[in-house]
Amino acid sequence: MKSGKSKKAKIITISVIGVVAVICLAGYLVINGYLSKIHYDSGKQNIMSSISPDNQSANSDSPKSEIDAMNKKIEENMRNNSKPLMYDKDVYNVLLIGSDTRTKGGTGRSDSMILISINKKTKKIVETSLLRDIYVGIPGVSEGDRLNAAYAYGGPELLLQTVQQNFKIKVDKYICVDFFSFMDLVDKVEGVTINISDAEIEVANGYIHEINKLKNLPSNDGLFTHAGIQQVTGRQALGYVRIRYVGNGDFGRTDRQRTVLNQVFAKIKGLNIGQINNLLNNFLPEVTTNISKGELFSLILSIPAYSKYQVVSWHIPQDGVFSYFAVRKMSVLDVNFEKTISQMQSTIYG
């Protein structure tokens, strides 16, 4: 009698194990199918000797002696090996890059750079916007330039190296999207809510006009018609986050970017299975990353835990640690690297 019960228990146990194994395998195959849609990139690109000029915004340069001092400072900071890259096994840093590419598969500058730091020790996710006009040294490039130029010189890998060497932070991986990917993502989550002013509308509509031309749409299609709190489309959201010349310049622009990004993340968490399936199938092919499938698989499995983490949102440089300079008719930010590096390390690794 006992032998019969024991045999029955073994059969049930084996059956349960078999069902669990099938479910796990099915889950793996589904997730692996999604991950196969992503464009995996080694990031290795030849460094270009020159790139097309960025928007120039200064009528004249700062005094040559001050520019020389600034160049010397960034060179010394780049060569400063007394400050090794900050690293912690409990912190995973991913550089989220939004390029200003106007054509699918084209090249451009990094219009948005947000370092996403997942800190398992402090249970925090830190979003650090890196302002595009920070004047930095770019590895392999003879002269200093704006931070966003590194992407144009050598793609995401060179931008990652530039961030590491200038700010002494170990950046593990990158994820890159372009204008079109951003618009598609916002549309897939059925838009986001923003509060836009009349002054912002004037600038945002100019950007929407540009996108309409690229997409062969009527010039006035999808424009903002009124100020205030409203639900917006991907095109409108793109126009909104690109605003630089209203309010606090690029500082305000990075605030807008993080506002929209956090709303997108929040809406993704609220999607049902069917909506998530549709989002992944349509959006992932537009993503370029050097994160391996294995790492992405692990990150996906950790989403439920990470969704409970506190989100810290800020930008660099902070007030009081930079000054405005003009070099080669570019308006740039000359930052105090020592203070900025200290601020980044304490905020991210806290």
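Just rank Ser181, Ser99, fewest to most, by other beta-carbon atoms within 10 angstrom.
Ser181, Ser99
So which trypsin sites (Lys or Arg not before Pro) in the stretch 155-255 end up in coil per DSSP with only 16 or fewer other C-beta atoms within 10 Å?
Working: sites: Lys168, Lys170, Lys173, Lys188, Lys213, Lys215, Arg235, Arg242, Arg244, Arg253; in loops: Lys168, Lys170, Lys215, Arg242, Arg244.
Sparse-neighbourhood loop trypsin sites (Lys or Arg not before Pro): Lys170, Lys215.
Quote to one decimal, in nm, the extra length available between Asp88 and Tyr309 on full extension: 0.36 nm per residue of separation minus the C-alpha distance between them. Walk me through the numbers before you get to the answer.
Numbers: separation 221, 0.36 × 221 = 79.56 nm, distance 1.77 nm.
Taking 0.36 nm per residue and subtracting the Cα distance, the gain is 77.8 nm.
What FRET efficiency comes out for the pair Asp68/Gln318, r = Cβ-Cβ distance, R0 = 35 Å, nearest 0.05?
The computed FRET efficiency comes out at 0.85.
With contacts defined as alpha carbon pairs under 8 Å and 6 or more residues apart, what's the relative contact order of the stretch 230-350 in percent?
Result for the stretch 230-350 is 14 percent.
What net charge do the residues around Trp314 carry, taking every other residue with its C-beta under 15 Å from that of Trp314, with Lys and Arg at +1 and Asp and Glu at -1?
Combined, the nearby Lys, Arg, Asp and Glu give +1.
Filter the GluC sites (Glu not before Pro) in the stretch 110-204 to those in DSSP coil with at most 16 other Cβ atoms within 10 Å of their Cβ, and list the result.
Within the stretch 110-204, the qualifying GluC sites (Glu not before Pro) (loop, at most 16 other Cβ atoms within 10 Å) are Glu143, Glu190.
Given Cα pairs under 8 Å that are at least 6 residues apart, what percent is the relative contact order of the stretch 204-297?
Across the stretch 204-297, relative contact order equals 20 percent.
So, in nm, how far is label Thr122 from label Ala266 when the simple model puts each one 7 Å beyond its Cα toward the Cβ?
Reported label-point gap for Thr122 and Ala266 is 2.2 nm.
Every read-out reported here was derived from the displayed coordinates using simple, explicitly stated rules and does not represent laboratory data. Since we're looking at a predicted model, the values are computed, not measured. No Cβ is skipped: glycine too gets one built from the backbone with ideal geometry, and neighbour counts run over all protein chains shown.
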